[in-house]
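In what follows, a structure is listed as structure tokens, so that the remarks can point back to it.
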Amino acid sequence: MSYTALYRKFRPDAFSEVKGQEHIVTTLTNQIKANRIGHAYLFCGTRGTGKTTVAKILARAVNCEHPVDGSPCNECPVCLSIQAGTSLNVIEIDAASNNGVDNIREIREEVAYRPTQGRYKVYIIDEEIGRAHV
Ligand SMILES: [Zn+2]
């Protein structure tokens, strides 16, 4: 489907490519550079403002083997596997259909295990997975 290709094509891969969210990007990259990362981040905003994009860059940045100025290198094995969606440590969850007590219990059980690759397990809980961002 062409709309998927378009939004994938224009989805930024680095914090420096994210437009209009400079204060958030600055805060996040400073935290990554200082190795002072929060255990959870809540991104609020209307559709298309970059919540999922920033979450995905953040997921790579905290696990990247050679981060560049707080951004992921997008070249190391960890970055590549997260980008390809094959990393077991970055889990995307569709909140719209996984909002039950059992789902939360499942997440709580899984987070007890250490990451298999990289430093952190990242859960991206998104309400808009699979929808076109236009
Ligand atoms: Zn990397």
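Laboratory data are not the source of any read-out in this text; all were calculated from the coordinates shown. Because the structure is predicted, anything quoted here is derived from the model rather than measured. For neighbour counting, all protein chains shown are included, and Cβ atoms are generated from backbone atoms with ideal geometry for every residue, glycine included.
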On each of the three principal axes the extent of the alpha-carbon atoms of the chain, given in whole Å and largest first, is 38, 34, 26
Please identify, among Y41, Y113, Y123, the residue showing maximal mean-square fluctuation in a Gaussian network model of the chain using a 10 angstrom Cα cutoff. Y113
Using a 10 Å cut-off on Cβ atoms, rank the peptides 99-105, 55-61, 80-86 from the highest mean neighbour count down. 55-61, 80-86, 99-105
Under a point spin-label approximation (7 Å from Cα along Cα-to-Cβ), what is the E110-C73 distance to one decimal in nm? 2.8 nm
Which aspartates and glutamates, on any chain, are close to K19 with Cα under 15 Å apart, when same-chain ones fewer than 8 places away are left out? none
Long-range amide H partners of V90, meaning residues 5 or more apart or on another chain whose placed amide H is closer than 5 Å, are V122
Kyte-Doolittle at least -0.5, axis length at least 15 Å by Cα - qualifying DSSP helices, the chain: 22-33, 51-63
